[in-house]
Every structure is written in structure tokens, then in C-alpha cells.
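Quick notes on the structure that follows.
Rule-based calculations on the coordinates, nothing more; no lab input. Just so we're clear, the structure is a prediction, and the values are computed from it rather than from any experiment. No Cβ is skipped: glycine too gets one built from the backbone with ideal geometry, and neighbour counts run over all protein chains shown.
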Amino acid sequence: MRSKNNRKKPASQRQGKLAFYLKRIAVFSSIGILSAGILTGAYFLVKAFYVRDFQVSGNKHLDKRDIESMLNIRREPLLDLRLKEIETKLKRSAWIRNVSLRWLLPGTLVINVEEASPRALLSYGGEMFLVNEEGNIMEALEEQATPFLPVLKGIDPRYKKVMSEAMRLVEALTAKNAVADRQYVEIGLESYGLTANIDGEFIMVGYGQYLEKFDRWVELEPELQKRGVPIQYIDLRFKDSVIVKPVTAEKDKGKDKVKEKDKLTEKDRKEKRIS
């Protein structure tokens, strides 16, 4: 019996060692496969969190390259970027009124823009510029042909408050259809405030209450056209009144006598009478 056990023991030991080695190989193989999977997943995960592409929609004037150049983003980690900062950067362009942003994994920044529309032309420094509704310069016009828009003249674009007032006047004229079917509309600036020249009809406007002021003008203007009296200027600066100054006749020039301005009160306007 003893000799038989001695002969069998080395065989069982060899089988045990083989099983042990196979288990170790299986464990290390599993660890290797798991590590490779983790590394591969980490690689693609890292790539997913880097900016690799842009999707732009809503743009008509600006193209994708214009927007990319504004951002100047080159494969930066997504976690390092702030959507609010990107939105602020894009809104610095006078062509962009509003913008919405979102991430699309892997690595794509989706940009939807709402472009501003030109509302006026600015004649300044011998050049002509497109201006948006906030009075910001959009771009210089290089072509000879220009769209029909009200022209801002004699206004320094660096004076943001005056530019903003001028654009409010433009919006009021547009709301009252005062620029429809007109050949020329010019917004100017004098010491007393803004002026409007509509097809040669010079109007003193001043500042503020533009809709109310042009309500009075819209009501009066057909009567002036009907009478055909040459007008030197119309003054809308005073509340509830319109002052009409006819062109001085040649024979009255040089006289010391000063004619009183015709003042149209609220009652007179209702009766369609100009004193």
C-alpha cells in the first residue's frame, strides 16, 4: 500500500500545479483584457470631451468659418469651456442678435444663431455702413448699390446714446409707415436734437416721444401736400402742437418784420386748419 501511494503522489502534484498555472494565466488574461478595455474606453471618453467639430444653424450672412474665427477654439477640453462665455463672445458681433448653445457628444458644439437685420445706413467719415437696430455698425458697404434704408448723417457712432436715440426714431418712422414709398429718408443731428428729412421735407424732432410726434405729423402731412405750400420746416418738438414754417417769399426777404410761426394746436388739427 505504501509504495502505491508514493507512486501516485507525484502525478497529483503535477496536476495541481498545472491547474494552478492555468488559473493564474486565466486571471492575468482577464486583467489584461479588462485593462485594454478600460484604456480603450478611456481613450474614446477623452476624445468625446474635446471639441472636435461645430454645427452651425440659423446663419444667413455669417458662414461657419466666421463663427469659428470668433470663438478661436482649437480642440480644447469641453470641461474647460463655459457656454455663457461662448455666448457672450458671439454676441459681440453686431450681426448676432441671439444665440443658443449645446453639446453633442462626442465632441461637437452645436450653435444656433439669430442674426440681426440692417435697419439703417450710417454715412460717416466718407464711408457708408450698415447699422443694426441697436445702432451698432455691422459692416462697411463696399458696393455702389445700397439697399433703401434710412440714412444716419452727421452722427458719430462712438456716441452710443445718440445712436440709440436715432435708431428709436428710425423704428418709429417704420412703425408709422413714414419710410414706405419714399425716395429719401435722412436722420440728422442738431444742437436741439434729432432731425428728419423725408423727401426734402425738413422736420425738427428733438428727443423722445417719437411715436406721438409722428402721429401728429402723419395726420397733418396730407393737408400740407394738398395745399402745396412750400415748407421751410416742420417743428414737432413741442407737446400737442405742430409748428409749420412756410418758405419766405423773395419779396419779403430783407425786411425787418419777422413773421410769427404758424402753430397748429390740438383743436386746429382736428379741424384740419392751419392758421
How high is the relative contact order of the range 140-233, in percent, counting Cα pairs under 8 Å that sit 6 or more residues apart?
-> 23
Using alpha-carbon coordinates alone, the radius of gyration and Dmax of the range 53-115 in Å work out to 10.9, 31
Summed side-chain charge close to Lys64 - residues other than Lys64 whose Cβ falls under 14 Å, Lys, Arg +1, Asp, Glu -1 | -3
Calculated FRET value between Asp156 and Lys226, using beta carbons and R₀ = 35 Å, to 0.05 = 0.35
Hey, can you rank 83-89, 93-99 by average C-beta count inside 10 Å, highest first?
-> 93-99, 83-89
If you count, for each residue, the other Cβ atoms within 10 Å and average over each peptide, how do 231-244, 194-207 line up from highest to lowest?
-> 194-207, 231-244
Of Lys60/Lys160; Lys213/Lys245; Lys64/Lys91, those spanning more than 20 Å from alpha-carbon to alpha-carbon | Lys60/Lys160
Sorted by mean Cβ packing within 10 Å, highest first, what order do the peptides 63-72, 213-222 take?
-> 213-222, 63-72
